[in-house]
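Structure record follows, encoded as structure tokens.
No value in this document is a laboratory result; all are computed from the given coordinates. Since the model is a prediction, treat every value here as computed from it, not as a measurement. Every residue, glycine as well, gets a Cβ built from its backbone with ideal geometry; the counts of neighbours run over all protein chains shown.
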Amino acid sequence: MHLSHLQWERSKWGQWGILLMLGFLMFLGFTRWRSRSTVNPSLQPLPQDPYIQVYFNHSEANIYIEPYRGTQRLGDNLEQVMIETINQAQTSIDLAAYELGLPKLARALRDRHRAGVQIRIILDNQHNRAWSEVSPSDVGALQGSERNKYEEFRHLADQDRNGQLSSAEMAEADALHILKKAQIPILDDTADGSKGSGIMHHKFIVVDNRHLMTGSANYTTSGVHGDGLAPDSRGNANALLKIESPALANLFTQEFELMWGDGPAGRKNSLFGLQKPYRPTRQITTPGSVIDIQFSPTSRKLPWSESVNGAIARTLSSAVQSIDLALFVFSDQMISNQLAQKAETGLSVKALIDPSFVYRNYSEGLDMLGLAIPDHRCQYESGNQPWEQPILSVGTPELPAGDKLHHKFALIDDRTVIIGSHNWSNAANEKNDENLLVIQNPTVAAHFRREFDRLYRSANLGITPKLQKKVHQQQQKCNR
């Protein structure tokens, strides 16, 4: 077939057009790939106190390659911080955690155990079964978050992406299987002969009776790195503190010993929950810091002021300039009442609460906004006290899909930090095994200032459209 000159010219430019279009599409693809694969810190790291180092898994001053999904992302690698400290252990490691699902952390513990280091582990009873122990019939019975965690485990374990898990893949990815195969002793909060405490909610590691790691992060992929099944997830927003203090480590070891008793094979002499004796606030010092420590729970037979929530309220009452809160849940009415008194003096109060809790009828975030919402039975929370002088600096941060605001911290006057596993709730105060630290140190506080500012700058604050819709729906439902 012969082409006329005009047809040939059209064909030539058509080919060039196709090539140009392909080039443009390749350029766009490269640009998008580069934007996804190249991450640069937007901030310089802050100075660390030599005795108290602070790390955030969403830090904007650091980057790392996530070990399980291979994603380059902003943040401090909390798992690596723990591993590096564990690798230095010479004599002992005591770990108490709500969950333990990080394979690399488990392998580090196994290796130190093989090197002769004494390792003891306490978990919550709901999270003391290795995924490799789950039978096919058990898988069918899994629901909700547990089913999601199992599917995430399968996804991360399936390294060759053939849809099937080999025994080698399962063993490599199953943190509890790694620990149990190494015969590292593990017990949970049923070791006292009960069905378990409220929950064994601690997240701490004591190494060689002098190094303490604690904070808000659960030792799981979702608590540290991100959900395996949610590509945009970067992990629930959490903090990890590494503290060098034999005195503080000793207090955490005492808490561990109460729960451990004589170990998993001994008598039922472990103490969890309210079976433990009351432990008042203790104070220790490190160079440049004053640290108060108290453990939950506290019996209702004792005055509320002597509880951990009472200690929180007492610390907040000392504020003279500002109080900034970043909380997973905030449901203690008496703490809210204390905050209201401080806000009425003109003191700056800001609060960020996880989106899944902020607008629930029992959330103190509603009180701060001057609102009350009835529950599904059209009943208001007993003793509820919406603030007479509401503030609008309360809301929720913008988070990557799949992530939660899991923090439990308060920043007071840019000098004092409240931090720990302890949620600001009645359950944490009266039922759960928890810990709370109050740290007076401006260098430490500066890290929490940066984290709060990061979360606050894009937060949804005040009476948002979502909140207005919820109020309207409940009014319609309850005023029929």
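Structure notes:
- Residue in region 121-134 that is farther than 18 Å from residue 210 by Cβ and basic (Lys, Arg) present: yes
- Per-region count, region 348-368, residues surrounded by fewer than 18 Cβ atoms within 10 Å (Cβ to Cβ) and either under 15 Å from residue 388 (Cα atoms) or within 18 Å of the chain's Cα centre (by Cα) (or both): 2
- Residues in region 393-400 include none that are of a type outside the set (Val, Ile, Thr), outside any strand (DSSP E or B) and closer than 22 Å to residue 296 by Cβ.
- Qualifying residue in region 387-407 (condition: among the hydrophobic types (A, V, I, L, M, F, W, C) and crowded, with 23+ Cβ neighbours inside 10 Å): yes
- Residues of region 403-433 that turn out to be within 19 Å of residue 240 (Cβ to Cβ) and touching a Pro at 6+ places or on another chain (Cβ under 7 Å), as a count: 1
- In a residue-by-residue description of region 44-63, the property of being among the acidic types (Asp, Glu), out of contact with any His (no Cβ under 8 Å at 6 or more places or on another chain) and in a helix (DSSP H, G or I) applies to no position.
Residues are listed down the side, and each one gets a yes or a no for (1) touching a Gly at 6+ places or on another chain (Cβ under 8 Å); (2) acidic (Asp, Glu):
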site	(1), (2)
152	yes, yes
172	no, yes
178	no, no
183	no, no
217	yes, no
224	yes, no
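- Only listed residue being crowded, with 16+ Cβ neighbours inside 10 Å, touching a residue at least 12 places away in the same chain (Cβ under 8 Å), among the polar types (S, T, N, Q) and out of contact with any Phe, Trp or Tyr (no Cβ under 8 Å at 6 or more places or on another chain), chosen from 435, 441: 441
- Any hit, region 436-447, residues being part of a strand (DSSP E or B), in contact with a strand residue (DSSP E or B) (Cβ under 7 Å, 6 or more places away or on another chain) and at positive phi: no
- Strands (runs of 3 or more DSSP E) lying entirely in region 93-209 (those with 1 or more residues that are surrounded by fewer than 22 Cβ atoms within 10 Å (Cβ to Cβ), touching a residue at least 12 places away in the same chain (Cβ under 8 Å) and over 24 Å from the mean Cα position of the chain (by Cα)): 118-123
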